[in-house]
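As structure tokens, the structure follows; a few thoughts come after it.
Values quoted throughout were computed directly from the atomic coordinates according to the rules given, and no laboratory measurement underlies them. On a predicted model such as this, the values are computed, not experimentally measured, just so you know. Cβ placement follows ideal geometry from the backbone for every residue including glycine, while neighbour counts extend to all protein chains displayed.
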């Protein structure tokens, strides 16, 4: 339990930031799931649009400090590999 005024404020700030981070990570995962569904459906145009949305969400998460840049690069690389494999198949 915080004792000082500054510690109380820090707890409030942490709770707010944690919620914002949770929302941003959830947004990335949602776009990622939608992308994977479009790949399974076989629609190339929809898959390309969904991939673009995932990229945007991931880049915004990196900019906000929610995801590490290397994590984002790895995620984008794996998703683009799946996209390319779905096009060839």
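Per-residue ellipticity at 222 nm for the chain, helices alone: DSSP H runs ≥ 4 residues times -39500 (n - 2.57), over residue total, nearest 500 deg cm²/dmol?
Value at 222 nm, helices only: -31000 deg cm²/dmol.
Tell me, rounded to the nearest percent, the portion of alpha carbon pairs in the chain spaced more than 14 Å apart.
Counting pairs separated by more than 14 Å, the tail of P(r) holds 67 percent.
Assuming R0 = 25 Å, can you tell me the calculated FRET efficiency for the pair residue 34 and residue 69, based on Cβ-Cβ distance, to the nearest 0.05?
The formula returns an efficiency of 0.60 here.
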